[in-house]
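Before any comments, here is the structure.
The values are calculated or read from the model by the stated rules, or taken from the named source; none is laboratory data. The model shown is predicted, which means the values in this text are computed figures rather than measured ones. We place every Cβ from the backbone using ideal geometry, glycine too, and count neighbours over all the protein chains shown. For the accessible areas, the whole protein counts, side chains as well, though only heavy atoms, and no ligand, DNA or RNA atoms are used. Shrake-Rupley method; radii C 1.70, N 1.55, O 1.52, S 1.80 Å.
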Amino acid sequence: MGKLQVMEHPLIQHKLTIIRDKNTGTKVFREVVNEIARLMAYEVSRDMPLQDVEIETPLVQSVQKELAGKKVAIIPILRAGLGMVDGMLDLIPAAKVGHVGMYRDHDTLEPVEYFVKLPSDINERLLLVVDPMLATGGSAIAAIDALKKRGATSIKFVCLVAAPEGVKALEEAHPDVDIFTASLDERLDSNGYILPGLGDAGDRLFGTL
Ligand code: PRP
Ligand code: URA
């Protein structure tokens, strides 16, 4: 079973409160989502493997460490996942970026795939799938299905706010995928919105309320 990690760092919790507040406008919302993504990238990359490398400092020959593992690709689930990409790239600037377009049908809450464009070597990369919201889990599950269908083998899912229902569904559908979230919220409401949540992440990021 993949592990669930709730990031309780004080900076993350403080910033999360800012984006939950309904009085926070688009500009600040966008900035703070990226700031949280940057902090999460630090934690998500914690177990990246290292290897020895011999270098010469200005004084001596020395064996030091460098990253050894798979290269990374960041995969935002459109639209809202786009809000986390720049923050993640700040820490992992050499990562490639692939896109999976997925929207939730308002009536059925079922995900509808409308776009997939990925780096050609996703089978050789660690994929960090990013989306601020994990609600029913339908979008994340379908996005990861789409990635696996195209050869992905190593995937982590990174969100800002998760509902217990979505975590359970994603763990059951993709037990090999670790889930990182800034908060595990209480529950979903009858419209599939996370409570207390932050509302519609895509609309708040792009000003389409
Ligand atoms: C939101 C969010 C997730 C999805 C989560 O996207 O960004 O992708 O809902 O819900 P789920 O876990 O129940 O599938 P939305 O469908 O609103 O599209 P958008 O990002 O284009 O606004
Ligand atoms: N998608 C969102 O953007 N917000 C929610 O609370 C649930 C799904």
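In the elastic network of the chain, a GNM with C-alpha springs shorter than 10 Å, the most mobile of PHE115, PHE29, PHE157 is PHE115.
Between the Cα long axis of helix 10-20 and the first principal axis of the chain there is an angle of about 30°, rounded to the nearest 10.
Highest mean first, the peptides 173-179, 35-41, 66-72 sorted by other C-beta atoms within 10 Å per residue fall in the order 35-41, 173-179, 66-72.
Work through the residues other than ARG187 whose Cβ is under 13 Å from its Cβ and net out their charges, Lys, Arg +1 and Asp, Glu -1. Overall, the nearby charge balance is -3. Separation of the range 66-145 and the range 161-209, taken as the distance between their Cα centroids, equals 15 angstrom.
What net charge do the residues around ASP200 carry, taking every other residue with its C-beta under 12 Å from that of ASP200, with Lys and Arg at +1 and Asp and Glu at -1? So the surrounding residues net to +3. How much of the accessible area of the chain, probe 1.4 Å, is carbon plus sulfur, in whole percent? Exposed carbon and sulfur together represent 53 percent of the surface. Axis angle, to the nearest 10 degrees, between helix 26-44 and the longest C-alpha principal axis of the chain: 50 degrees. Listed by chain and number, the aspartates and glutamates whose C-alpha is less than 20 Å from the C-alpha of LYS148, apart from same-chain residues fewer than 8 away, are GLU110, GLU113, ASP121, GLU124, ASP131, GLU171, GLU172, ASP176, ASP178. Net charge of the neighbourhood of GLY151, taken over other residues with C-beta under 15 Å away and scored Lys/Arg +1, Asp/Glu -1, is +4.
The orientation-averaged projected area of the convex hull spanned by the Cα atoms of the range 115-205 comes to 6.0 nm².
What number do you get for the chain when its Cα radius of gyration is normalised by 2.2 N^0.38 Å, N = residues? Dividing the Cα Rg of the chain by 2.2 N^0.38 Å gives 1.05.
On a per residue basis, the chain carries 51 Å² of accessible surface, using protein heavy atoms and a 1.4 Å probe. Can you tell me the orientation of helix 138-149 relative to the chain, as the angle in degrees between its alpha-carbon axis and the longest Cα principal axis, to the nearest 10? In the chain, helix 138-149 runs at an angle near 40 degrees to the longest axis. Our coupling estimate for the range 83-90, obtained by passing each phi through the Karplus curve with A = 6.51, B = -1.76, C = 1.60 and θ = phi - 60°, is x, 9, 5, 4, x, 5, 5, 4 Hz, Gly and Pro reported as x.
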